[in-house]
Amino acid sequence: MRRLIKIWPLAFILAGGMSIEAEGRDFGGGLSVGSDYTDNARKSAVQPQISERQDRLQLDVFANHENEYGKLDSLYTGAYNSFSESSQIDRNTLAGSGRLLLGKTYQPLNLLLSHTRRLLLNAPNEVALLSNTDEQTVTSVNPTARFRVTPVDSLVASADHSVVDYRFAQRQNSVRDTVSLQWEHSISKTDSLQVLAQQTNVTYEAFNNAQYTYRLGSATYATRLNRLDYSLNLGYNTTQSDLSGDNASPSYSVGANYRLDSGTMALKLNRVITDTSMGSNTGGVSIPLGTASVSQGFDQIDQRSALLSWSAAAICGRCTLELSGSLSESNYLTLPVITNEQTLRAAFGYTLSRTSSIRLDGQAQSVRYTIGASEQGYSGYTYNIAYNEQFRHNISASLTARFEQRSSEQALYDYDAMQVGFSLRYQY
């Protein structure tokens, strides 16, 4: 069974490369080659610093198709990365996600097969180099049964079997089995109420004593108006483990979108108990890579996160503007580890002509992490500029420049790095 779960996600990837002639561009992708030159390949203060050419060959595939039997959504990126001065080991990577829904969500029975693969930093204080990352794969099978009780009330019973695998840190591999029961009530055409009871059993392959049981009870109110839609989820979650004992805390999830004439504002707040196998990114909020990291031990994590963003496309006829700020705190329940992160981002895009555009973006980040009695941290800034040109026959080219600066309480991690690059892409 486990071997089958590991193999069938290949269907998501292969689907993007087939049926290219499907109507509506339901399937497709792109092939790109690129080369970057950096003056500090290891992002380190150690002298002499390594100047290096870094090459990348990348293949993207996507599938987005729906019919009366179900729906398929997938997007994957495979890449081969090479380093001319061997600052890192040449490496291939795969990242993306796929979802295959058999049936419809409103029907009495449906089955959801899902697969995600993402890059995670090995630790929150690591420099963002490819050699400091692992690849996490989560494969899930989720059957659901829906019972219509009244015209406005439904009971939804579901189960979920998920396997978490790491490419390198296999000690963090885990299996999680979830059962849940949810009552859904339609208050009006715009308002709804949901009450959920859920239990998850988590087991680690490498350490049986780290297994634990997670329970959640919550209620969600959601509404969708002309300009505003929001949801409010309040609950209580507990964990029970032989290793870490019993832990309990409130949980909440708030999401709101307000549509202005000039753009959209979004707010997301989240608190939940997760664990070191899933990584310290719950997925509810777009947290920077530094927070979504692989822990060195086995533990549950009480994570809080917040994101406020604004995007606008109507400031001028040719430009777009995006602003966002995020906060996160990850408190390990047994291990003496706490991480805090604050991030500000801004991006500006301008269409120069029908075939050319330019984009500028910047990020400021501050990370603090406490391990035992030791408290350390760093702050950094990143600036990017990219020029894109679209040619005939689905061919495009990009010129990029990037500057990074990081100040750390550990002098080894103080660095400046400049990078310039060029890439060609063919979209099919």
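The values are calculated or read from the model by the stated rules, or taken from the named source; none is laboratory data. Here the structure is a predicted model, which is why all the values come from computation and not from measurement. Every residue, glycine as well, gets a Cβ built from its backbone with ideal geometry; the counts of neighbours run over all protein chains shown.
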**OP:** Quickly run through region 95-131 and pick out the residues that are free of Cβ contacts under 8 Å to residues at least 60 places away in the same chain, in a strand (DSSP E or B) and aliphatic (A, V, I, L, M).
**Re:** Ala95, Leu101, Leu102, Leu109, Leu111, Leu112
Original post:
Which residues, taken from region 241-258, are of a type outside the set (Gly, Ala, Ser) and surrounded by 14 or more Cβ atoms within 10 Å (Cβ to Cβ)?
Top reply: Leu243, Asn247, Tyr252, Val254, Asn257, Tyr258
Original post:
Give me the pairs: first residue in region 197-226 and in a helix (DSSP H, G or I), second residue surrounded by fewer than 18 Cβ atoms within 10 Å (Cβ to Cβ) and of a type in the set (A, V, I, L, M), beta-carbon distance under 7 Å, and six or more apart or on different chains, which are they?
Top reply: Asn209/Leu243; Ala210/Leu243
Original post:
Which one of these does Asp134 not meet: (1) without any contact (Cβ under 8 Å) to a residue 12 or more places away in the chain; (2) surrounded by 14 or more Cβ atoms within 10 Å (Cβ to Cβ); (3) of a type in the set (D, E, K, R)?
Top reply: (1)
**OP:** For region 418-426, state whether one or more residues are of a type outside the set (Lys, Arg), in contact (Cβ under 8 Å) with a residue 40 or more places away in the chain, surrounded by fewer than 15 Cβ atoms within 10 Å (Cβ to Cβ) and not in a strand (DSSP E or B).
**Re:** no
Original post:
Quick one: Ala346 ticks every box in (1) out of contact with any Asp or Glu (no Cβ under 7 Å at 6 or more places or on another chain); (2) modelled with pLDDT of 90 or more bar one, so which box is it?
Top reply: (1)
**OP:** Please work out which residue is farthest from Thr239 (Cα to Cα), limiting yourself to region 181-202 and to residues that are buried (at least 17 other Cβ atoms within 10 Å of the Cβ) and of a type in the set (Ser, Thr, Tyr).
**Re:** Ser192
**OP:** Among what's in region 374-409 and is among the aromatic types (Phe, Trp, Tyr) and assigned to a strand (DSSP E or B), pick the residue that is nearest to Gly29 (Cα to Cα).
**Re:** Tyr387
Original post:
Are there any pairs, at least 6 apart or on different chains, whose C-beta atoms fall under 8 Å, with the first in region 24-41 and acidic (Asp, Glu) and the second modelled with pLDDT of 95 or more and in a loop (DSSP other than H, G, I, E, B), and if so, which?
Top reply: Asp39/Ser51
Original post:
For region 135-177, which residues satisfy the criterion of being at pLDDT below 90 and not in a loop (DSSP other than H, G, I, E, B)?
Top reply: Gln170, Arg171, Gln172
Original post:
What number of residues within region 378-401 are under 30 Å from Val367 (Cα atoms) and crowded, with 17+ Cβ neighbours inside 10 Å?
Top reply: 5
Original post:
Taking strands (runs of 3 or more DSSP E) that do not extend beyond region 25-83, which have at least 1 residues that are more than 25 Å from the chain's Cα centre (by Cα) and under 26 Å from Leu113 (Cβ atoms)?
Top reply: 52-67
**OP:** Return yes when Ala373 is surrounded by 14 or more Cβ atoms within 10 Å (Cβ to Cβ) and at negative phi and no when it is not.
**Re:** no
**OP:** Kindly provide the set of residues from region 335-357 that are buried (at least 16 other Cβ atoms within 10 Å of the Cβ) and assigned to a loop (DSSP other than H, G, I, E, B), ordered by number.
**Re:** Leu335
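Look at Ala123 and say whether it is within 30 Å of Gly380 (Cβ to Cβ), among the hydrophobic types (A, V, I, L, M, F, W, C) and surrounded by fewer than 18 Cβ atoms within 10 Å (Cβ to Cβ). Give the steps one after another, and end with the answer.
Values: within 30 Å of Gly380 (Cβ to Cβ): yes; among the hydrophobic types (A, V, I, L, M, F, W, C): yes; surrounded by fewer than 18 Cβ atoms within 10 Å (Cβ to Cβ): yes.
When the stated conditions are applied, Ala123 passes them.
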Original post:
Can you name the condition, by its number, that Thr274 falls short on among (1) among the hydroxyl-bearing types (Ser, Thr, Tyr); (2) farther than 24 Å from Tyr204 by Cβ; (3) at pLDDT below 95?
Top reply: (2)
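Let me confirm something: among Asp246, Asp275, Asp229, which residue is under 30 Å from Ile315 (Cα atoms) and in contact with a Ser or Thr (Cβ under 8 Å, 6 or more places away or on another chain)? Quick ask: steps written out before the conclusion?
On the way: Asp246 fails: under 30 Å from Ile315 (Cα atoms); Asp275 fails: under 30 Å from Ile315 (Cα atoms).
Result of the check over Asp246, Asp275, Asp229: Asp229.
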Subject >> Unmet criterion (only one of (1) surrounded by 15 or more Cβ atoms within 10 Å (Cβ to Cβ); (2) in contact with a Leu (Cβ under 8 Å, 6 or more places away or on another chain)) for Asp55 >> reply: (2)
**OP:** Return only the number of the condition from (1) closer than 30 Å to Ser379 by Cβ; (2) touching a Lys or Arg at 6+ places or on another chain (Cβ under 9 Å); (3) surrounded by fewer than 16 Cβ atoms within 10 Å (Cβ to Cβ); (4) of a type in the set (A, V, I, L, M) that Leu109 does not satisfy.
**Re:** (1)
Original post:
Between a first residue in region 366-381 that is under 25 Å from Asp416 (Cα atoms) and a second residue that is among the basic types (Lys, Arg) and assigned to a strand (DSSP E or B), which pairs have beta carbons less than 9 Å apart while being 6 or more apart in sequence or on different chains?
Top reply: Glu375/Arg368; Gln376/Arg368; Gly377/Arg368; Tyr378/Arg368; Tyr378/Arg406; Ser379/Arg406; Gly380/Arg406; Tyr381/Arg406
